[in-house]
Amino acid sequence: MGQLDAEPDPAGLEQAASLAGTIDADVILCSPLRRASLTAAAIFPGREVTYDDRLMERHLGDWQGRGKAEVRVEQPAVYTEIGTLELSITPPGGESWAALQARVRAVLDEIASLPAECQVALVAHNGVLRTARVLLGQVDVTRASRMAEPFARPDLVVVDAAAIAR
């Protein structure tokens, strides 16, 4: 889907709603795309959410709106064996890996500048979350390309400015 503003999967929203009241967060940062914003509303009903365009999914250029199967027929090498896009690949007319890293790094830098006791919840997309894991040194880009972020799974991560890869 990339940056297309598609509706979320109803079953996914039910899964997200099951997390309501289970996650402590002082700040909730979220992609403005509906599939993320409605997920955040389900997880954090009645809470203030800060929308940040930098948390939008990667722009997939000419591939945006096309099915993975269709793109895989034309470009089999751009997808991994589990069906995720190789993060280091730049889709034709799309956002580069370097540009994606830069905007995710900017969000992580802002989170790192908050007081240590501040808990931040990120509600974002697969590509953004995998990129954050690379920048935080949890995985390298090859491994991150071959992992899918499970939907509506909370994950505690400490963001320290010194830990963000440059």
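Here are some notes:
- The number of residues in region 39-83 that are more than 25 Å from Val27 (Cβ to Cβ) and either aliphatic (A, V, I, L, M) or in a helix (DSSP H, G or I) (or both) comes to 15.
- Flag if Leu29 is modelled with pLDDT of 90 or more, of a type outside the set (Ser, Thr, Tyr), outside any loop (DSSP other than H, G, I, E, B) and touching an Asp or Glu at 6+ places or on another chain (Cβ under 7 Å): yes
- Pairs are defined by a Cβ separation below 7 Å, a sequence spacing of at least 6 or placement on different chains, a first member in region 44-56 that is exposed (fewer than 13 other Cβ atoms within 10 Å of the Cβ), and a second member that is assigned to a loop (DSSP other than H, G, I, E, B); the pairs so defined are Pro45/Ala20; Asp53/Pro32.
- Every condition in (1) exposed (fewer than 11 other Cβ atoms within 10 Å of the Cβ); (2) of a type in the set (A, V, I, L, M); (3) under 19 Å from the mean Cα position of the chain (by Cα) holds for Leu29 except the one numbered (1).
The values are calculated or read from the model by the stated rules, or taken from the named source; none is laboratory data. All values derive from a computational prediction rather than experimental measurement. Cβ atoms come from the backbone with ideal geometry, glycine included; neighbour counts cover every protein chain shown.
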